[in-house]
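Enquirer: Attaching a single structure in structure tokens format; questions to follow.
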Amino acid sequence: MASLRHVSPLLRISSNILRGLGKRPQCAEFHWPSHNSRIQWLVSRPIPWMVPGRTMFVQTQDTPNPNSLKFLPGRTVLDSGTMNFAGPRDAYCSPLARQLFRIDGVKSVFFGPDFITITKGDAEMQWKVIKPDVFAAIMDFFTSGLPVVNDDSKPSPDTAPSDEDDEIVAMIKELLDTRIRPTVQEDGGDVIFRGFEDGVVKLKLQGSCTSCPSSIVTLKSGIQNMLQFYVPEVDSVEQVKEDEEEAAEV
């Protein structure tokens, strides 16, 4: 096993691969007209989307997937873990997800600790058409006081330690939790551990990573390289898709 002081360059490289460069939160802009008809004050500094009388601010951030957008409500979304809703019928446990699926153009919803990733179904539909409805739904929900997820439903602890895990699986889970998932979540997605067999780590991509054009780069150049560096027993990393997702892409 390599010591941590020898692998910091790799971590930085992998982090850049997974994270992408040049992302900045994007916010709504507005013009404030002056009473003097000859002068208009342009407020060019980006500001959060807000509604008069409310103190909640929602920002957006691009992801590597052009069809996915990360919304930052400035509040805790999930106390721990992540949750993925591939379609409306998966949202039975979340009042917030149900509201978001009522918006025309929303294909899937993903919750992180402090963000919500929305993936649109039509690549031709512009975000400026969807964003106002998403902003309104998020703000209305958080001012309602309802729970994001019902008490009887919790995120799946796929990387929780198990008595059945051998040393290799335990190390893979630890790397996913501490090194890989936090970086992927910055891009509005997540990776879920689905097993390790014959040297192959099986992962399920969620959120913005689901249909991202650079998902293969994320798997091979980022996640696979990092896991192989720490765990020589790992030969490759493969993406696992649910039958429903595969059918939807046909």
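Enquirer: Going through the range 81-106 one residue at a time, which ones are small (G, A, S) and in a loop (DSSP other than H, G, I, E, B)?
Expert: G81, A86, G87, S94, G105
Enquirer: Please give the strands (runs of 3 or more DSSP E) falling wholly within the range 110-224 in which 1 or more residues are out of contact with any Lys or Arg (no Cβ under 9 Å at 6 or more places or on another chain).
Expert: 189-197, 200-207
Values in this text are rule-based calculations from the coordinates and carry no lab data. All figures in this text were calculated on a predicted structure; none of them were measured in a lab. Positions of Cβ are backbone-derived with ideal geometry, glycine not excepted, and every protein chain shown enters the neighbour counts.
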